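Trainee: Take a look at the following structure, please.
The values are calculated or read from the model by the stated rules, or taken from the named source; none is laboratory data. Just so it is clear, the model here is predicted, and its values are computed rather than measured. Methodologically, a virtual Cβ is constructed for each residue, glycine included, from the backbone with ideal geometry; neighbour enumeration extends over all protein chains shown.
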Amino acid sequence: MSSEIAPAASSAADIAKIPPSLRTLFFAFAKMSLSGFGGVLVFARRAIVDEHRWMTAEEFNETFALCHFLPGPNIVNLAMVFGARLRGIAGGLAAFAGLLVPPMLLITMLGAIYGRFGQADALRQGLAGVSCVAVGLLASVVFRMLTPLAKKRDLVGLVVMAAVFVAIGLARLPLQEVLLVAVPLSLAITYARTRWAR
């Protein structure tokens, strides 16, 4: 079975030892970005963790969590941090260029087409269908990213995550206020657990 259909969970033992070339980074992120209608995260995780085995699932989750605290779009931050981690500044720039340049050219072309034919009913219905697929893809990647927490039986991590989801997604509390409470709480819990584990 191919890794695209049933990707095996990556472990620290089977992570690729040789960092990818700048060209490989560029084309890997270009493929992710051109596949990612509605969001690149799904394809980024699949390529980095399952297909190329450049990171474990845990490393990917930790890197993506870090990217939430950097200014700018999370997936762009991920490309820069990930590329720089493997190949330095040049690697970060290669991943960044692969992520942004091909879709920028494609969107410019599609924008011109949409400007001319955007009122067509068939096009509007097609875009509505694409939005449904994007929601399904996002739900699938959230489930995949939860797997390492579930395997570790990290009940505290799952509870904090669920509380943040309820506060932001359902109660519609401001993101900044929720993070001001959740981040110190999460850090304190992690620190306490590492102290007790000694």
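Trainee: What do you reckon, is residue 86 within 17 Å of residue 31 (Cβ to Cβ), touching a helix residue (DSSP H, G or I) at 6+ places or on another chain (Cβ under 9 Å) and either surrounded by fewer than 14 Cβ atoms within 10 Å (Cβ to Cβ) or not assigned by TED's automatic domain parsing to the domain that holds residue 55 (or both)?
Mentor: Spelling it out, it is not the case that residue 86 is within 17 Å of residue 31 (Cβ to Cβ), touching a helix residue (DSSP H, G or I) at 6+ places or on another chain (Cβ under 9 Å) and either surrounded by fewer than 14 Cβ atoms within 10 Å (Cβ to Cβ) or not assigned by TED's automatic domain parsing to the domain that holds residue 55 (or both).
Trainee: Within region 108-120, track down each residue that is hydroxyl-bearing (Ser, Thr, Tyr) and surrounded by 11 or more Cβ atoms within 10 Å (Cβ to Cβ).
Mentor: Step one: list which residues in region 108-120 are hydroxyl-bearing (Ser, Thr, Tyr), which gives 108, 114.
If the condition is that a residue be hydroxyl-bearing (Ser, Thr, Tyr) and surrounded by 11 or more Cβ atoms within 10 Å (Cβ to Cβ), then 114 is the only one that fits.
Trainee: Considering only region 69-89, I want to know if a residue exists there that is modelled with pLDDT under 95, over 29 Å from residue 187 (Cα atoms) and of a type outside the set (A, V, I, L, M, F, W, C).
Mentor: Yes, region 69-89 contains at least one residue that is modelled with pLDDT under 95, over 29 Å from residue 187 (Cα atoms) and of a type outside the set (A, V, I, L, M, F, W, C).
Trainee: Based on what the data block shows, is residue 58 touching a residue at least 40 places away in the same chain (Cβ under 8 Å), within 14 Å of the chain's Cα centre (by Cα) and surrounded by fewer than 19 Cβ atoms within 10 Å (Cβ to Cβ)?
Mentor: Values: touching a residue at least 40 places away in the same chain (Cβ under 8 Å): yes; within 14 Å of the chain's Cα centre (by Cα): yes; surrounded by fewer than 19 Cβ atoms within 10 Å (Cβ to Cβ): yes.
When the stated conditions are applied, residue 58 passes them.
Trainee: Does residue 134 satisfy the criteria of being closer than 28 Å to residue 32 by Cα and surrounded by 11 or more Cβ atoms within 10 Å (Cβ to Cβ)? Outline the logic, then answer.
Mentor: Values: closer than 28 Å to residue 32 by Cα: yes; surrounded by 11 or more Cβ atoms within 10 Å (Cβ to Cβ): yes.
For residue 134, the condition - closer than 28 Å to residue 32 by Cα and surrounded by 11 or more Cβ atoms within 10 Å (Cβ to Cβ) - is met.
Trainee: Determine whether residue 51 is out of contact with any Cys (no Cβ under 7 Å at 6 or more places or on another chain), modelled with pLDDT of 90 or more, of a type in the set (Asp, Glu) and not assigned by TED's automatic domain parsing to the domain that holds residue 183.
Mentor: Yes, satisfied.
Trainee: From the list 173, 99, which residue is at pLDDT 75 or above, surrounded by 11 or more Cβ atoms within 10 Å (Cβ to Cβ), of a type outside the set (Lys, Arg) and in a loop (DSSP other than H, G, I, E, B)?
Mentor: 173
Trainee: Residues 105, 187, 179, 123: which one is of a type in the set (A, V, I, L, M), part of a helix (DSSP H, G or I) and surrounded by 14 or more Cβ atoms within 10 Å (Cβ to Cβ)?
Mentor: Exactly one residue qualifies, and that residue is 179.
Trainee: With respect to the numbered conditions (1) farther than 16 Å from residue 60 by Cβ; (2) assigned to a helix (DSSP H, G or I); (3) under 21 Å from the mean Cα position of the chain (by Cα), which one is the sole condition not fulfilled by residue 116?
Mentor: Answer for residue 116: the failing condition is (3).
Residue-wise test of (1) in contact (Cβ under 8 Å) with a residue 12 or more places away in the chain; (2) closer than 29 Å to residue 21 by Cα.
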position: 90; (1), (2): yes, yes
position: 107; (1), (2): no, yes
position: 113; (1), (2): no, no
position: 117; (1), (2): no, no
position: 124; (1), (2): no, no
position: 133; (1), (2): yes, no
position: 141; (1), (2): yes, yes
position: 145; (1), (2): yes, yes
position: 162; (1), (2): no, no
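Trainee: With respect to residue 94, is the statement that it is over 25 Å from residue 186 (Cβ atoms), in contact with a Gly (Cβ under 8 Å, 6 or more places away or on another chain) and either assigned to a helix (DSSP H, G or I) or acidic (Asp, Glu) (or both) true?
Mentor: Yes: the conditions hold for residue 94.
Trainee: Taking the conditions exactly as written (crowded, with 19+ Cβ neighbours inside 10 Å and of a type in the set (Lys, Arg)), does residue 46 satisfy them or not?
Mentor: Yes: the conditions hold for residue 46.
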